[in-house]
Amino acid sequence: MSPPLLKLGAVLSTMAMISNWMSQTLPSLVGLNTTRLSTPPDTLTQISPKEGWQVYSSAQDPDGRCICTVVAPEQNLCSRDAKSRQLRQLLEKVQNMSQSIEVLNLRTQRDFQYVLKMETQMKGLKAKFRQIEDDRKTLMTKHFQELKEKMDELLPLIPVLEQYKTDAKLITQFKEEIRNLSAVLTGIQEEIGAYDYEELHQRVLSLETRLRDCMKKLTCGKLMKITGPITVKTSGTRFGAWMTDPLASEKNNRVWYMDSYTNNKIVREYKSIADFVSGAESRTYNLPFKWAGTNHVVYNGSLYFNKYQSNIIIKYSFDMGRVLAQRSLEYAGFHNVYPYTWGGFSDIDLMADEIGLWAVYATNQNAGNIVISQLNQDTLEVMKSWSTGYPKRSAGESFMICGTLYVTNSHLTGAKVYYSYSTKTSTYEYTDIPFHNQYFHISMLDYNARDRALYAWNNGHQVLFNVTLFHIIKTEDDT
């Protein structure tokens, strides 16, 4: 039996005891028990009127109320004798007691509902604290707030429980249990350092604002990890290039697609990645020259590519539909003299990063090792060059991030970023940054500074790799 039902049973038993006491004890107190009833409790014995007054009770009816029966003597007895006065006094006491019992009955019914409610809430609390004990360290602040609200609902029930004077021990037990629960909750709060929901919400908003401000101050970072790839589309031949403009506005998401590494002059344009996936072309461009390799780049609205069978770089404006500039890259090898490991006329690799436009190639003067040149995006003039010691023919692909060239050791399965060269410090280091070559053959790998991603052509699949950079926070003192 649950504690509330036990409680109700205790109250009803108390009522029965009061009724029995009235039937057995009160007559003797007033001298009216000259004859005792010996019949069973629920039957009424015929009493001679001359035997005097008798008080008889059946203890309680099915509804739990007290029933008292008084048998009076014959009417010719003196109504003003001492026993009559005592009887009237007794009747008044009985009536008072009956009224008290009725009030107690109403209070019991009302308080019983409170007890039922408390039983449900206590069961809920028990389940909650089991959950807390199972995983204290990961409990969210919202759970604490819910528990506090439950405790606030329980506190008003304490005065109700105190009305049960006949069972003070049970009341004490409830109060002690609530105190214990409160102590446990307080201890957990102190241990985890929790705050109420509103305070936590404000802290989160403040943190978000600070993080946004911090992101605005992020400068270039060092490559730490490459994840993916995400396959965007499967199309074209084994070799090709696809790209977006890193300097385009957020609303401008045009995609350019250049299939194959030679004997082609057609550039296909799509208004968005979604159109690219669905194949909905918005425009095609017929270039005045065939391109060599797959290492082209779109930068600030223009396409930069290597003219077939030469070391000439072409700048072609998509908006104007014509060549804006062209220049020979002095001493640069071309037409598979110094290609990447996969061949494909990949001698000259054009790329862009946060700093600007770059060309990566090799020369005889540098013994076939990689040379990095920063280009003027308007005139294509070489602004500055860096000679490295890494053989161009041993490189699978390369890309620039924040002025640092990252070189892979292969274009096949098991490829990883193996070497890096910083143009800022003119120093190099050997690295070990693996990435998943899902389709086994990479013929194009370029970094997009706006998307913070690597665009790749992976054996006829157009894929994206996510990059993780170790950022340096630019403070106000550095601006």
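The values are calculated or read from the model by the stated rules, or taken from the named source; none is laboratory data. The structure displayed is predicted, hence computed values, not measured ones. A quick note on method: Cβ atoms are made from the backbone with ideal geometry, for glycine too, and the neighbour counts reach across all protein chains shown. Heads up: the accessible areas ignore ligands, DNA and RNA and are worked out on the full protein's heavy atoms, side chains in. Shrake-Rupley method; radii C 1.70, N 1.55, O 1.52, S 1.80 Å.
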Item to check | Rg and Dmax of segment 222-470, Cα atoms only, in Å | outcome: 16.3, 47
Checklist entry - Using a basic spin-label model with each label point 7 Å from the Cα along Cα→Cβ, how many nm lie between residue 328 and residue 416? => result 4.2
Next on the checklist: Need one value: the accessible area of residue 273 in square angstrom, 1.4 angstrom probe, rounded to the nearest 10.
Outcome noted: 60
Item to check | Per-q log10 I(q)/I(0), segment 236-289, q = 0.14 Å⁻¹ (Debye; single scatterer per alpha-carbon; no solvent) | outcome: -0.37
Checklist outcome for this item: So, with points 7 Å from each Cα along the Cβ direction, the residue 284-residue 468 label distance in nm works out to 4.3
Next on the checklist: If I take every Cα pair under 8 Å that is 6 or more residues apart in segment 222-470, average their sequence separation and divide by the length, what percent do I get for the relative contact order?
Outcome noted: 21
Next on the checklist: With θ taken as phi - 60° and the coefficients 6.51, -1.76 and 1.60, list the Karplus ³J(HN,Hα) couplings across segment 321-332 in order, rounded to whole Hz; mark glycine and proline as x.
Outcome noted: x, 8, 6, 9, 7, 8, 7, 7, 8, 4, 6, 6
Next on the checklist: I want the local charge near residue 334. Using Cβ-Cβ distances under 10 Å, sum +1 for each Lys or Arg and -1 for each Asp or Glu among the other residues.
Outcome noted: 0
Next on the checklist: Just to verify a number: what accessible area does residue 238 come out at with the full protein assembly present, 1.4 Å probe, Å² rounded to tens?
Outcome noted: 120
Checklist entry - Which trypsin sites (Lys or Arg not before Pro) in segment 284-340 pass both tests, a DSSP loop state and at most 10 other beta-carbon atoms within 10 Å? => result none
Item to check | Positive minus negative residues near residue 236 (Lys, Arg vs Asp, Glu; Cβ under 14 Å) | outcome: +1
Checklist outcome for this item: The FRET efficiency for residue 271 and residue 452, from their Cβ-Cβ distance with R0 = 25 Å and rounded to 0.05, is 0.70
Next on the checklist: Loop only by DSSP, 15 or fewer other Cβ within 10 Å of the Cβ. Give me the GluC sites (Glu not before Pro) in segment 379-479 that pass, ordered by residue number.
Outcome noted: 381
Item to check | segment 219-344 - percent relative contact order, Cα under 8 Å, separation 6 or more | outcome: 17
Checklist entry - How far apart, in nm, are two points set 7 Å out from the Cα along the Cα-to-Cβ line at residue 249 and at residue 427? => result 4.3
Checklist entry - Okay, which of segment 434-450 sit inside 19 Å, backbone N to the point 7 Å along the Cα-Cβ direction of residue 234? => result 436-444
Next on the checklist: Nothing charged except the Cβ atoms of Lys and Arg (+1) and of Asp and Glu (-1): what's the magnitude of the dipole of segment 327-479 about its Cα centre? Round to the nearest 20 debye.
Outcome noted: 380
Checklist entry - So what is the relative contact order of segment 370-424, in percent, for Cα pairs below 8 Å that sit 6 or more residues apart? => result 24
Checklist entry - What's the long-distance tail for segment 379-479, i.e. % of Cα pairs beyond 21 Å? => result 40
